[in-house]
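Below: one structure, written as structure tokens.
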Amino acid sequence: MELIVEVRSDDPTRPLSNLLRIPLGLDVWEANADRLVLRADEAPIDRIRKMGYQIQQIVPVEAHLSTFATEVSREGYHSAQSLEDDMRQLAESRPDLAALHEIGRSVEGRPIWALQLGERQAGTRKLLFMGCHHAREWIAVEVPFLLARELIEQADTPEMSRRLTQGQFWIVPMVNPDGHEFSRTDNRLWRKNRRRNPDGSIGVDPNRNYGYMWGTLDIPTSSHVPSDETYVGPRAFSEPETRAVRDLVAIQKFAGLITYHSFSQLVLYPWGYTAEEIKDPVDRATLSELARGMSECICQVHGKLYTPQPSSQLYPTAGDTTDWTYGEYGIPSFTIELRPKTVEEGGFILPASAIRPTWEENRPAVFYLVDRLLEAPARAEAAVPSV
Ligand SMILES: [Zn+2]
């Protein structure tokens, strides 16, 4: 039986971080200094217990699903098709402002859509917002979609009109449509894409498949084992979903980006592959300040704390989106882990009633970042971060 368990350690010689270095095929749901939350079968859980860690069962996976994955909750979220329909409708409502682009196709041939909004003149600063690299993180589709809708519906207000004149927005709410569809029809907790691997297992983790320091770690949170939840793939950009993003970024030369995930309520910035800080002092200060600023904007709305921190403080990952966009292009890049904070609040299965407040609190954070990046002095064209 699959269980969701909490792991603690009261022995300082056996920190929880050690557990994240052992290949046990774990699905890590929460990682804090004093508590790990894992989804795993009973056998690996027994092994962890025998190693001396304290294990407390939170809930069997089936019970978690029947509590949270209800029909009502499902109806509040987009499918790949309803998202396409809604994005098309948004684009058609303001052809002067918006254009819908297919930036690539998934493993199973589904289109990956990007909505381009705002000023199209050469030289305009461009910003990228993405969602749903991970299939089960449905709220990560809704936040960038609601950003697109807000930009269009409020386009004629002075504030939004200024942003749409100063900048150009690219919004890709569903990078992994195959996985998302599978999480709707077959397995609500599916994470990866739907690649058929040579060993018969399915799926590559798109957020471990980017080409900066790709594959340099081999641990449960960034794994070379194809059946693992964080399988990095056979090589960097082996997947059509990450190639679509790679090609868009290479052409558009973005001045900043957010990629939305869930859950845990965090504002993350590079690096993921190393615990070392960004070497360039200006970049280091800028990224941590922007992350802190976004966290403060979020907290002011409904009092929810999204902790700002370097990505590797959650757990180490190699080949994630923001390491690549910052490492390769120097783009100020953030991963926002949306609501909820804990598995007890639903984990990946956020009740649909929380979509609206999650957007409400993320809205001022997005526009804080947008305004800061649109106002910032131009970066040197060939600026490459020192690593
Ligand atoms: Zn994710």
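The values are calculated or read from the model by the stated rules, or taken from the named source; none is laboratory data. The structure displayed is predicted, hence computed values, not measured ones. Cβ sites come from the backbone with ideal geometry, for glycine too, and all protein chains shown count toward neighbours. Remember, those area values only see protein heavy atoms, side chains included, never the ligands or the DNA or RNA. Shrake-Rupley method; radii C 1.70, N 1.55, O 1.52, S 1.80 Å.
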Might you let me know whether region 168-177 holds any residue that is in the same structural domain as Leu338 (by TED's automatic domain parsing), out of contact with any Pro (no Cβ under 6 Å at 6 or more places or on another chain) and farther than 23 Å from Leu369 by Cα? yes
Residues that are over 21 Å from the mean Cα position of the chain (by Cα) and part of a loop (DSSP other than H, G, I, E, B), drawn from region 61-87: Thr70
From the list Leu369, Leu290, Leu373, which residue is part of a helix (DSSP H, G or I) and more than 19 Å from the chain's Cα centre (by Cα)? Leu373
Taking into account only those residues within region 191-231 that are among the acidic types (Asp, Glu) and over 19 Å from the mean Cα position of the chain (by Cα), which is modelled with the highest pLDDT? Asp199
Test Arg339 against the stated conditions and say whether it is charged (D, E, K, R), in contact with a Leu (Cβ under 6 Å, 6 or more places away or on another chain) and within 26 Å of Phe68 (Cα to Cα). yes
Does Glu277 count as of a type outside the set (A, V, I, L, M), open to solvent by 10 Å² or more (accessible area, probe 1.4 Å) and assigned to a helix (DSSP H, G or I)? no
Filter pass, Ser238 being under 25 Å from Lys126 (Cβ atoms), surrounded by fewer than 22 Cβ atoms within 10 Å (Cβ to Cβ), of a type outside the set (Asp, Glu) and more than 16 Å from the ligand (Cβ to nearest atom): no
Looking at region 134-161, which of the residues that are open to solvent by 50 Å² or more (accessible area, probe 1.4 Å) and in contact with a Leu (Cβ under 9 Å, 6 or more places away or on another chain) is farthest from Ala354 (Cα to Cα)? Glu153
Ile355 assigned by TED's automatic domain parsing to the domain that holds Ser262, among the aliphatic types (A, V, I, L, M) and open to solvent by less than 10 Å² (accessible area, probe 1.4 Å): no
Can you give me the number of residues within region 117-133 that are open to solvent by 20 Å² or more (accessible area, probe 1.4 Å) and under 20 Å from Ile152 (Cβ atoms)? 6
Give just the number: which of (1) away from the ligand (no atom under 15 Å from the Cβ); (2) open to solvent by less than 30 Å² (accessible area, probe 1.4 Å); (3) of a type in the set (D, E, K, R) does Asp228 not satisfy? (1)
So is Ile298 β-branched (Val, Ile, Thr), under 20 Å from Met130 (Cα atoms) and either open to solvent by 20 Å² or more (accessible area, probe 1.4 Å) or without any contact (Cβ under 8 Å) to a residue 60 or more places away in the chain (or both) or not? no
Extreme residue, nearest to the ligand (Cβ to nearest atom), among residues of region 170-194 that are among the aliphatic types (A, V, I, L, M) and farther than 13 Å from Ala80 by Cβ: Leu189
Please go through region 98-109 and pick out each residue that is surrounded by 13 or more Cβ atoms within 10 Å (Cβ to Cβ), touching an Asp or Glu at 6+ places or on another chain (Cβ under 9 Å) and not charged (D, E, K, R). Ala98, Leu100, Ile103, Gly104, Ser106, Val107
Given (1) touching a residue at least 40 places away in the same chain (Cβ under 8 Å); (2) under 26 Å from Asn187 (Cα atoms); (3) not in a loop (DSSP other than H, G, I, E, B), identify the lone condition not met by Leu90. (2)
Looking at the structure I just gave you, is Glu337 away from the ligand (no atom under 16 Å from the Cβ) and either under 29 Å from Thr216 (Cα atoms) or more than 17 Å from the chain's Cα centre (by Cα) (or both)? no
